[in-house]
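Notes for the one structure printed next.
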Ligand code: SAM
């Protein structure tokens, strides 16, 4: 799976891409992540990518032309591969379709080879970008962030870990077995502010059936 992120803040992705499971997946060629900055493609003065909104209102809007040029650049790169590519174009938007496990699962099931994620900033992106590329608005939650970069990272993370062999053996096992959001590790008892916090007895019992049941109850 190839991820292509269109953003005016490419540096935001550096540490995320270079750490942990995502870095390993890139190294093992399970995924690739390319970043495209509309400022590199804009023909406006001073590398400008935004303008005031028609109809008035506060804030700026990301202009159509620099975004179109950046996305076209991505498409050209994909087309150079000359394979049968299946491309999905996502626009990050707080009012878009919910990004869920089910949504990410469908992207994998439908065998998309490339996912282009367009990150908005300011008051959003000129609506013509969505129309031109038949992109889908996708939201990571019912709140408004300052930009689409965090949503893009979340989408990449969720989708990538569902790609076969992105997670190591142990991590995959963790995925498939009964897990709970209530986890403990050493020590068995932790004292804080005069109060004792103990690991639930069942987890120390060695009775796997009972442990599984306990975990199910805490999902
Ligand atoms: N005025 C815009 C609106 O109401 O849709 C909000 C723009 S927001 C300040 C700037 C950008 O952040 C958006 O264009 C979008 O790309 C991104 N964004 C903010 N919240 C998001 C969310 N919950 N999910 C996905 N993207 C989000």
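With the structure loaded, tell me whether residue 20 is surrounded by fewer than 17 Cβ atoms within 10 Å (Cβ to Cβ), closer than 15 Å to residue 160 by Cα and without any contact (Cβ under 8 Å) to a residue 40 or more places away in the chain or whether it fails that test.
Considered against the rule, which asks whether it is surrounded by fewer than 17 Cβ atoms within 10 Å (Cβ to Cβ), closer than 15 Å to residue 160 by Cα and without any contact (Cβ under 8 Å) to a residue 40 or more places away in the chain, residue 20 comes out as yes.
Please specify each residue of region 95-111 satisfying the condition of being buried (at least 17 other Cβ atoms within 10 Å of the Cβ) and touching a strand residue (DSSP E or B) at 6+ places or on another chain (Cβ under 9 Å).
96, 99, 107
Find the residue count for region 112-136, including only residues that are surrounded by fewer than 14 Cβ atoms within 10 Å (Cβ to Cβ) and either within 12 Å of the ligand (Cβ to nearest atom) or over 21 Å from residue 7 (Cβ atoms) (or both).
1
It is to be established whether one or more residues within region 82-91 are surrounded by 12 or more Cβ atoms within 10 Å (Cβ to Cβ) and at pLDDT below 95.
Checked against the condition, which is being surrounded by 12 or more Cβ atoms within 10 Å (Cβ to Cβ) and at pLDDT below 95, region 82-91 yields at least one hit.
Wholly within region 127-219, which helices (runs of 4 or more DSSP H) include no fewer than the required count, namely at least 1 residues that are over 30 Å from residue 65 (Cβ atoms) and modelled with pLDDT under 90?
Qualifying helices (runs of 4 or more DSSP H): 169-176, 208-217.
Kindly establish whether residue 143 is surrounded by fewer than 17 Cβ atoms within 10 Å (Cβ to Cβ), within 16 Å of the ligand (Cβ to nearest atom) and over 30 Å from residue 24 (Cα atoms).
For residue 143, the condition - surrounded by fewer than 17 Cβ atoms within 10 Å (Cβ to Cβ), within 16 Å of the ligand (Cβ to nearest atom) and over 30 Å from residue 24 (Cα atoms) - is met.
The values are calculated or read from the model by the stated rules, or taken from the named source; none is laboratory data. Predicted, not measured: the structure shown is a model, and the values here were computed from it. Positions of Cβ are backbone-derived with ideal geometry, glycine not excepted, and every protein chain shown enters the neighbour counts.
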